[in-house]
Amino acid sequence: VVTMNGIRQCLVASLIFASTILIIKRKLISYCIVILLLSTIHSSALIMIPVYFIAIKEAWSKGIIKVIILFLVCMILYEPLMNIIFGILGNSKFGQYKDFNEGGANILRIAVSGVPVFLAFIKRDILKDKWKNSNIFINISLVNFIIMSFSYFNWIFARFNIYTQIYSIVLLPYIIKNCFPNNKERRLLYYSLIVAYFIYFYFETI
């Protein structure tokens, strides 16, 4: 549904995801060059440059805690903050979204985006031991949740999730497969998520 609605942006998202190896190898300059090139296809890709600096931090470290605190402050000060940002953007393409008012994302959608982050926090010690690159997927999934939370005020923010939600799609099944040693527990969680996501997708689609 989403990919066919925004083919150009989803093409860029897929190429950015394919460039994750540049984050893993800490090749900042190469990564920025890729993002700048892809921004000629869809300018919103530029948001992934600051995301890089969050992605390379250790998951649940002091740096990430600061990001979470900043997020909470921005949520509280949303209205005055948006007025300042849109004032800077002026009459640009993104500045025009100031008058865009078609409601926000459903709270259920926000909760669903938080599931991989919640499970990653619970299983943080196992993830740290088993998956050396888990920080990248956990942190970008956290960014995905933060962006979705902002979309509660205005759903246009959810368009940026096209870049970040792919990391959650990888993180969630990894946690289920590798962080739940009990077969019965893992099977129960696996099938419960299939049912839950089926219901979620049905309501999202209609």
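A compact table of results
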read-out: Of all residues making up the stretch 32-89, the number that are more than 25 Å from residue 129 (Cβ to Cβ), of a type in the set (Gly, Ala, Ser) and touching a Phe, Trp or Tyr at 6+ places or on another chain (Cβ under 9 Å); value: 3
read-out: Single condition residue 121 does not satisfy, out of (1) surrounded by 16 or more Cβ atoms within 10 Å (Cβ to Cβ); (2) among the aromatic types (Phe, Trp, Tyr); (3) assigned to a helix (DSSP H, G or I); value: (1)
read-out: Residues being in a helix (DSSP H, G or I) and either surrounded by fewer than 14 Cβ atoms within 10 Å (Cβ to Cβ) or modelled with pLDDT under 95 (or both) - total across the stretch 54-63; value: 2
read-out: Residues of the stretch 152-163 that turn out to be buried (at least 22 other Cβ atoms within 10 Å of the Cβ) and of a type in the set (Gly, Ala, Ser), as a count; value: 0
read-out: Close pairs from the stretch 159-186: first assigned to a helix (DSSP H, G or I), partner open to solvent by less than 70 Å² (accessible area, probe 1.4 Å) and among the charged types (D, E, K, R), Cβ under 9 Å, at least 6 apart; value: 175/123; 176/186; 177/186; 178/123
read-out: Evaluation of residue 43 against (1) of a type in the set (Gly, Ala, Ser); (2) surrounded by fewer than 13 Cβ atoms within 10 Å (Cβ to Cβ); (3) farther than 25 Å from residue 119 by Cβ (one fails), failing number; value: (2)
read-out: Conditions (1) touching a helix residue (DSSP H, G or I) at 6+ places or on another chain (Cβ under 8 Å); (2) open to solvent by 30 Å² or more (accessible area, probe 1.4 Å); (3) of a type in the set (Ser, Thr, Tyr); (4) at pLDDT below 95: number failed by residue 92; value: (1)
read-out: Residue that is modelled with pLDDT of 95 or more and more than 30 Å from residue 83 (Cβ to Cβ), where the choices are 136, 140; value: 136
read-out: Looking only at the stretch 15-31, and only at residues there that are within 13 Å of residue 136 (Cα to Cα) and assigned to a helix (DSSP H, G or I), the one that is most open to solvent (accessible area, probe 1.4 Å); value: 21
read-out: Residue among 67, 51, 34, 12 that is outside any loop (DSSP other than H, G, I, E, B), within 29 Å of residue 201 (Cα to Cα) and in contact with a Leu (Cβ under 8 Å, 6 or more places away or on another chain); value: 12
read-out: Residue 166 being open to solvent by 20 Å² or more (accessible area, probe 1.4 Å) and either more than 10 Å from the chain's Cα centre (by Cα) or under 15 Å from residue 9 (Cβ atoms) (or both); value: yes
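The values are calculated or read from the model by the stated rules, or taken from the named source; none is laboratory data. What you see is a predicted model, and the numbers here were worked out from it, not measured in a lab. All Cβ positions, glycine included, derive from the backbone under ideal geometry; neighbour counts span all protein chains shown. When the accessible area is computed, the model is the full protein with side chains, heavy atoms only, and any ligands, DNA or RNA have been set aside. Shrake-Rupley method; radii C 1.70, N 1.55, O 1.52, S 1.80 Å.
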